[in-house]
1. All but one of (1) β-branched (Val, Ile, Thr); (2) part of a helix (DSSP H, G or I); (3) in contact with a Gly (Cβ under 9 Å, 6 or more places away or on another chain) hold for residue 287, so report the exception by its number.
2. Is the range 220-228 home to any residue that is of a type in the set (A, V, I, L, M), part of a helix (DSSP H, G or I) and farther than 23 Å from residue 11 by Cβ?
3. With 234, 255 as the choices, which residue is closer than 21 Å to residue 175 by Cβ, modelled with pLDDT under 95 and not aliphatic (A, V, I, L, M)?
4. Only strands (runs of 3 or more DSSP E) wholly contained in the range 1-118 count here; list those with 3 or more residues that are without any contact (Cβ under 8 Å) to a residue 60 or more places away in the chain.
5. Where residues in the range 162-181 are of a type in the set (A, V, I, L, M, F, W, C) and surrounded by 17 or more Cβ atoms within 10 Å (Cβ to Cβ), which of them is farthest from residue 267 (Cα to Cα)?
6. Out of all the residues in the range 255-271, which are under 17 Å from residue 176 (Cβ atoms) and either without any contact (Cβ under 8 Å) to a residue 40 or more places away in the chain or assigned to a loop (DSSP other than H, G, I, E, B) (or both)?
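The values are calculated or read from the model by the stated rules, or taken from the named source; none is laboratory data. These figures come from a predicted structure and were not determined experimentally. Here Cβ is always computed from backbone atoms with ideal geometry, including for glycine, and neighbour counts include all displayed protein chains.
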Amino acid sequence: MKIFLTGSSGFVGKKILHDLLNTAYNVRCLVRRGSEHKIAHFKDRGIDIVNGDITDAGSLQDTLTGCDAVINLVGIIREFPGKGITFEKMHFEGTTNLVHAAKSQGVKRFIQMSALGARHDGKTGYQQTKFRAEECVRNSGLDYTIFRPSIIYGAEDKFVNLFARMLKIQQFVPVVGNGKYLLQPVAVENVSMGFVKAVEQKNAFGKTFDVGGPEKLEFDKIIDIIGEVTCLPPHKIHIPAKIMSFLAEMLDWLPSFPVTQDQITMLLEGNICNEKLFFRHFDLKPISFKEGISGYL
């Protein structure tokens, strides 16, 4: 069975690619020209690399032919409109192009990476475009499965590693607001195996799965656990949300600034779900947050 995989050069994508190959699937990776080196170490395992971009419908012509399923992982967490990188283009337009390509090239199985909190009346463009992409998939007539993960962590993540670096360098972590909002970080290993197991599970067709870890944790507690694992007791500096939002608005153009206004909005509303259906359906053992990050920090 051959899988057409987008987003394979990203943090989650590389893990899913690894697990697909370990499960003996053949994989064709759609990679933007110039990014091939990010998955070069997989070439000796027989992956098929094709150049293209889901935001360019023309580049998808004939690229899915011969594949049995599509896994779409493409997504961004911040926009750079000056470079043409927007939520609308990457999430909605890209997914629409890929759905049309799958239908025209005879691929009936479609697995979509969305995000927990995606909804039509979301407070941010990120949430709204993720939801519209879901709707495109749901209305496609394809045998779809949609996953909505909370914050995903793992060896190459930009969440846990960011705060671990802060503790190592400056021994303190700035926290937006009171730090009491709840998150449900989930291990990349759990997310990846959900995608892989879904490929041939007909009882996953037409379903949307919320995906979170086994613990609902206050943000402050997450920082405390990172401190425990790194043996660096954290000093948390709580900064009023209005001040952080003002700074994010002023410095949004800086890629190095750690948060955007949209991210602050989503952080403060929390990001939790009922994770039990996901773990039960795919027969997966939940990995606790402390156990998970201890493996790589």
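1. (2)
2. There is no residue in the range 220-228 that is of a type in the set (A, V, I, L, M), part of a helix (DSSP H, G or I) and farther than 23 Å from residue 11 by Cβ.
3. One residue alone meets the criteria, 234.
4. Passing ranges, in order: 26-31, 48-51.
5. At the first step, the residues of the range 162-181 found to be of a type in the set (A, V, I, L, M, F, W, C) are 162-164, 166-167, 169, 172-173, 175-176.
Applying the additional criterion that residues be surrounded by 17 or more Cβ atoms within 10 Å (Cβ to Cβ) yields 163-164, 166-167, 173, 175-176.
On the way: 163: 15, 164: 19, 166: 19, 167: 20, 173: 16, 175: 11, 176: 8 Å.
So the residue we want is 167.
6. Looking only at the range 255-271, we keep the residues that are under 17 Å from residue 176 (Cβ atoms), and these are 257-271.
Across the range 255-271, the qualifying residues are 257, 258, 259, 260, 261, 270.
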